[in-house]
Structure formats: structure tokens, C-alpha cells
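Nothing in this text is a laboratory measurement; each read-out follows from the coordinates by a stated rule. Nothing here was measured: the structure is a model prediction, and the numbers come from that model. Positions of Cβ are generated from backbone atoms using ideal geometry, with glycine treated the same way; all protein chains shown enter the neighbour counts.
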2 protein chains.
Amino acid sequence: MANIYDSAYDLEKAIRESDEFQGLKQAYETVMADESAKNMFENFRTTQINLQEKQMQGQEISEEEVEQAKQVVELVQQHPDISKLMEEEQRLNVLINDVSKIITKPLEELYGSPEEQ
Amino acid sequence: MANIYDSAYDLEKAIRESDEFQGLKQAYETVMADESAKNMFENFRTTQINLQEKQMQGQEISEEEVEQAKQVVELVQQHPDISKLMEEEQRLNVLINDVSKIITKPLEELYGSPEEQ
């Protein structure tokens, strides 16, 4: 029987060495190396995290905040290095979602169809 | 380079074969085999899912609903087979959380400390 932690560390290594992660890392480092892109991206990230936190806590989000967030997104999308970074994030997200679906399959099978028990 | 999907399937297999998952499966099947325990547990699960969905959508949860949910929890905790199942769920959750922390480590390292870049 394979050990869960060994398998998890193997998977971590495979993710770390993947083209997807390496591409994201490079795109991230490119943005971080440019002071104005870095500030723009961090501003965008802070805005997103704040909105997510509010949403998760069930707090109301004002129209002004939504408008502001939209403007920040539009701004960062026009920056080629940041839009490249967002593309790479999206690519890695797809991978992580796939992985997550695979490893939660036993649980889904158990809980997914109680009627068949 | 290890393939991500191969590693993910290895991990899935390790989870499926683990004492934690097998213990949960057995506890789940015990509850499902007893009609009254099954109904009680499914009622509990439906209540929980409904509350979670409301919370995630930022909908207000009434005091009555909170009170009702508490009563359902108290009821199921008194049932030995269901409280065993909840213990096993908790045990597997700890494992899945550990796994999740391990495999998201590369991302955390990248995004966790932008100031160091």
C-alpha cells in the first residue's frame, strides 16, 4: 500500500516541475521585476482578496466597490506582462482542479449516490 | 519528470486504500444499512448543505434556522453510528487538509512572500 504522504509529496514535486507551474513562475517573476507592473498587480490582488473576504463573510459589496474592481481588472488586462501572468494562473488552475477532482473521487463515490447503497 | 496525472492517480489510490478512508466507508455503510439512522443522517446533511449554500450566496440565516440546525446536530450526535461516522469524517478531513497543504505548497511559496522577490 502506497503511503499517502509519500504520494502527496510526489505529486507536489510533479506540480512544481510541470510546464504549467514553471510558466506561471516565470510570468510572476517578470511582473515582480517591473516596479509599476508589480504595484498594479498587487493592487489588483488586494482588491480581489478584499472582495472575496467580504463575500465569504456575507457582507454587502457596494456598487462603488464593484465598479472600482472592474476598473482595476480592465487596467491590469491591458498590461501584457500581467495579462500573461493571469493566463498562466488560469492554466495552472485548470491543472489543480483536475488533480483535485481525481483525489476527491473516493469521497465523491462514497457520498455521491447514497440511494444505491 | 513525474507526470502530474500519474502522481494524482497514485495519490487517489493511496487515499482509497488508507485506514482513514476504509474506516469512513465502513461507518458510512453502517449508517446507510439502518433505515432510521440513514434518514437522520440525510436530514442532517441536507440541513448543513442548505445552510452552507445560503452562507456562500451571502443570504441571511434566520435564528430559527440556526436553532433548527443545532437541534439536528444534537440529535445525530446522540446516535452512536452517526457520531462514529462524523468522527471518521473528521479524521479523513485532517488527512485531506494535510494533502491539500502539501500539493499547494509550490503556489504558496510563489505567492506567499512577494516582498522577497
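Screening B:VAL76 on (1) more than 13 Å from chain A (Cβ to nearest Cβ); (2) surrounded by fewer than 14 Cβ atoms within 10 Å (Cβ to Cβ); (3) not hydroxyl-bearing (Ser, Thr, Tyr) shows it passes everything except condition (2). Hey, does region B:21-41 have a residue that's at the interface with another protein chain (Cβ under 8 Å from one of its Cβ atoms) and among the polar types (S, T, N, Q)? No, region B:21-41 contains no residue that is at the interface with another protein chain (Cβ under 8 Å from one of its Cβ atoms) and among the polar types (S, T, N, Q).
Within region B:1-20, the set of residues being buried (at least 17 other Cβ atoms within 10 Å of the Cβ) and more than 7 Å from every other protein chain (Cβ to nearest Cβ) comprises just one member, B:GLU20. Residues in region A:54-73 that are assigned to a helix (DSSP H, G or I) and within 12 Å of chain B (Cβ to nearest Cβ): how many? Of the residues in region A:54-73, 3 are assigned to a helix (DSSP H, G or I) and within 12 Å of chain B (Cβ to nearest Cβ). Suppose the filter is acidic (Asp, Glu), assigned to a helix (DSSP H, G or I) and out of contact with any Lys or Arg (no Cβ under 7 Å at 6 or more places or on another chain); does A:GLU20 pass it? Criteria not met by A:GLU20.
Any chance region A:27-35 includes a residue that's under 16 Å from the mean Cα position of the chain (by Cα) and of a type in the set (Ser, Thr, Tyr)? Scanning region A:27-35, I find at least one residue that is under 16 Å from the mean Cα position of the chain (by Cα) and of a type in the set (Ser, Thr, Tyr), so the answer is yes.
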